[in-house]
Amino acid sequence: MTPEQLAAKIRTIPDFPQPGIVFRDITTLLQDAAAFSASIEAMTAPLRGLKADALIGIESRGFIFGAPIARELGIGFVPVRKLGKLPGETISIEYDLEYGTNVLQIHRDALRPGARVIIVDDVLATGGTVAGTLKLVEQLGAVPVAISFLAELPALGGRARLPDGIVSALIAF
């Protein structure tokens, strides 16, 4: 499937979760087995050959794409979760959302210093969540080698908050 065909599988919901927000609902893409499979394959392709040690999936929709991509790449999956969801010793970072703030955590022992990591999430909007994740990766001494999204909302400027040359998105709205 082409990126345009995949984009057509994503439903747009205005004023969710609050007035003024245009939400890109990926559940309609996930319900289509062929579209979901094609999106995983297309997101994985540019990541092959990076010699990454781990893949980080950002809660929660980043888990949906990150886990199968990690499996395809033959590397481990590391969850970055919201406050209070990880049982072990963690490090935390507060980050900005389109409509507020939140806290992200990662296990303190999830990545070794120097580990090469790929970060995956569903949608790049303002970039606050992934920028927070990058700070966690930096605190652990790991090195981000790629950041991959199913979709990007370029009008919200999130890419400007991220390192040049390592960010990719399959679809742009």
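The values are calculated or read from the model by the stated rules, or taken from the named source; none is laboratory data. Since we're looking at a predicted model, the values are computed, not measured. So basically every Cβ, Gly included, is an ideal-geometry build from the backbone, and we count neighbours across all protein chains shown. Accessible surface is based on the protein model in full, side chains and every heavy atom, while ligands, DNA and RNA are left aside. Shrake-Rupley method; radii C 1.70, N 1.55, O 1.52, S 1.80 Å.
Points to keep in mind about this one:
- Compared with the direct C-alpha span, the chain from Val145 to Ile166 gains 6.9 nm at full extension, assuming 0.36 nm per residue.
- Remark on region 88-173: Rg and Dmax equal 12.9, 38 Å (Cα only).
- Rolling a 1.4 Å probe over the protein heavy atoms gives the chain an accessible area of 48 Å² per residue.
- Rg [Å, one decimal], Dmax [Å, integer] - region 40-132, C-alpha atoms: 13.1, 37
- Neighbourhood net charge (11 Å Cβ-Cβ; Lys/Arg +1, Asp/Glu -1) for Asp121: -2
- Of all DSSP beta bridges confined to the chain, the antiparallel ones make up roughly 40%.
- Rough spin-label spacing in nm, given labels placed 7 Å along Cα→Cβ, for Ala67 and Leu156: 2.4 nm
- Once the Kirkwood radius over Cα pairs is known for region 1-70, the Stokes-Einstein relation at 20 °C and 1.002 mPa s delivers a diffusion coefficient of 159 µm²/s.
- Applying D = kT/(6 pi eta Rh) to the chain, where Rh is the Kirkwood radius over alpha-carbon pairs, T corresponds to 37 °C and eta to 0.692 mPa s, the Stokes-Einstein value obtained is 202 µm²/s.
- Accessible surface of the chain, 1.4 Å probe, proportion on carbon and sulfur as whole %: 52 percent
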